[in-house]
Amino acid sequence: EDNYANQVRIRIWRRPRPTYDSGWVSINQDQAKILAHNIGGDPEHYVVDMQYRSGNSGVNQRYYGGADFGANPAPGANPNDRVAAYWRSLNSNTITVYRRPEDIYAPEVRIRIWHYWQPTPPDYDSGWVSLAPGAAATNLIHGLGGNAANYLVDMQYNSTGSGINQRYYGGADFGTKAFNGTRTDDRVGAYWRSLNNNTIALFRRAEDDYAAQARIRIWKMPRPDYDSGWVALNQNQARTLVHGLGGDIGDYLVDMQYRSGNSGVNQRYYGGADFGTNPAPGANPNDRVGAYWRTLNSNTITVYRRPDDIYAPEVRIRIWRVAKPDYDSGWVALNPDQARTLGHPVGGNPELYLMAMWQQATGVNGVNQRHYGGADFGVNPPSGYSPDDRVGAYWRSLTSSSIAVYRRPEDGFARWVRVRIWDYSQRVYLPLLQK
């Protein structure tokens, strides 16, 4: 006798792979089941979908949430039957599903949960820590405890001239073309290493000008949408990892860490570096070290360990889907040796921003962080490059209204760059399930 649905409309979205999928779970009449999803984070930021499956109705949502029949039940049911199913008691680790006592539509149920992480204030912020060039590593006590495998670590630099920046992130050695030869073989940038559940170590390289101060922030993260685990890599080996997340890669936050016996969990020479005549202890002149990721798409990502590397015998890729950024530059074209200042509307305090910059190139590299922060090749450049070529890109001079991006003079990896900014002082959640 319905008078309210004389027209109906069905729309179907192809959503990315859910963070949690229970699969089809058998459930008895008048039974509650607790399902462990273990996503973590804030369950108010979840999108939950529940479906039923039965022999007569197939995949369905008949009487979704539960209904009590009266004197005129649906075919196959009886007067006063209590039918269908619902979910309840959602928290950061579990969800409960319940099938009603006389139900005939939901002998199996399926729960899927999508979670877009909203950047929040970090669990640890070191503040700006002064670092002396070439001095012993500075050990910071964060004291977070728990499992360090669940941490997201962010490091930024601060210096006169470059402001808040990530120039030569992870460390780089200049070649003979450095600033018209005035800084040949200088060792610049900074990196972090030896992460555990109590401490992390910072090191500023010997001739660095860009990391007079450094800052470490650590988030205890919800479960990533993809976690490769620790993947063993030989020197000079590339491996393509299938994450299968689908959707728009613009919703991804990608984190890459290394692990080695001497440096522990680290980001030494992140993106790759070529040593000059003053290599780090245990390495040789002109060694090609570090690792990087490239060729990111909605199904796969490729990781590569450089030919003489000693810091990344294992790498780990994690990907989270994140809420809409407060600023997204889109893909910005850069010529070699070009700097561009991008205006953004975020405002507030730039020290409360989470930043992400990606590079994009034509050909095999695609969306990448190859030589992120900038690197100078040594005497053994990759195919298509010359000794001492200056490659990669970086960002610097971050303020509440602008940021500068720069592509290095002989670069072939950052034809376009994309900058995203999240202001975690603003607590509004804006998920992007569809664009």
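The values are calculated or read from the model by the stated rules, or taken from the named source; none is laboratory data. Keep in mind that what you see is a predicted model, and the values were worked out from it rather than measured. Using ideal geometry, Cβ is built from the backbone for each residue, glycine included, and neighbour counts are taken over all protein chains shown. Remember, those area values only see protein heavy atoms, side chains included, never the ligands or the DNA or RNA. Shrake-Rupley method; radii C 1.70, N 1.55, O 1.52, S 1.80 Å.
Residue separation of Thr176 and Asn139 scaled by 0.36 nm, minus their Cα-Cα distance, works out to 10.0 nm of gained length. Summing +1 for each Lys or Arg and -1 for each Asp or Glu among the other residues whose beta-carbon sits under 12 angstrom from that of Asp103 gives -1. Kirkwood radius, the stretch 174-256, all distinct C-alpha pairs, inverse of mean reciprocal distance: 17.1 Å.
For a modelled paramagnetic label at Asn198, 7 Å from Cα along Cα-to-Cβ, the residues of the stretch 110-141 in reach, with backbone nitrogen under 16 Å, are 139-141.
Quotient of the Cα radius of gyration of the stretch 1-159 and 2.2 N^0.38 Å, N being its number of residues: 1.60. How large a share of the accessible area of the stretch 140-275, in percent, is made up of carbon and sulfur atoms when the probe is 1.4 Å and the other protein chains stay in place? Solvent-exposed carbon and sulfur of the stretch 140-275 make up 42 percent of the total. At an R0 of 60 angstrom, the distance between the Cβ atoms of Ser425 and Asn278 translates into a FRET efficiency of 0.90.
The stretch 269-346 and the stretch 148-169 have Cα centres spaced 13 Å apart. Accessible area per residue for the stretch 265-404 is 32 Å², calculated with a 1.4 Å probe on protein heavy atoms, without ligands, DNA or RNA. To the nearest 0.05, what FRET efficiency results for Gln213 and Val25 with a Förster distance of 51 Å applied to their C-beta separation? Efficiency, from the Cβ-Cβ distance: 0.45. With a cut-off of 18 Å, note down the residues of the stretch 274-304 whose backbone N falls inside the zone around a label point 7 Å from the Cα of Ala232 toward its beta carbon. Inside the label zone: 303-304. Here Rg and Dmax of the Cα atoms in Å was computed from the coordinates, and among (i) 24.3, 107; (ii) 21.8, 70; (iii) 25.7, 91 the match is (iii).
Sorting the segments 163-171, 280-288, 26-34, 396-404 by their mean number of nearby beta carbons within 10 angstrom, highest to lowest, gives 163-171, 396-404, 280-288, 26-34. Residue ranges 212-221, 378-387 sort as 212-221, 378-387 when ordered by packing (mean number of other C-beta atoms within 10 Å per residue, highest first).
The Rg/Rh ratio of the stretch 108-171, with Rg taken over Cα atoms and Rh as the Kirkwood radius over Cα pairs, comes to 1.13. Per residue, the accessible area of the stretch 1-60 comes to 73 Å², computed with a 1.4 Å probe over protein heavy atoms only.
Between the stretch 1-65 and the stretch 349-401, the C-alpha centres lie 43 angstrom from each other.
For the listed peptides 355-367, 129-141, a ranking on the average number of other beta carbons within 10 Å per residue, highest first, reads 355-367, 129-141. Among residues other than Asn56 with Cβ under 14 Å from its Cβ, the summed charge is 0 (Lys and Arg +1, Asp and Glu -1). Note on Asn262 and Leu90: the extension gain reaches 57.7 nm, defined as 0.36 nm multiplied by sequence separation minus the Cα-Cα distance.
Applied to the stretch 31-44, the Karplus parametrisation 6.51 cos²θ - 1.76 cosθ + 1.60 on θ = phi - 60° returns per-residue 3J(HN,Hα) values of 10, 10, 10, 9, 10, 8, 9, 6, 6, x, x, 9, x, 5 Hz, with x for Gly and Pro.
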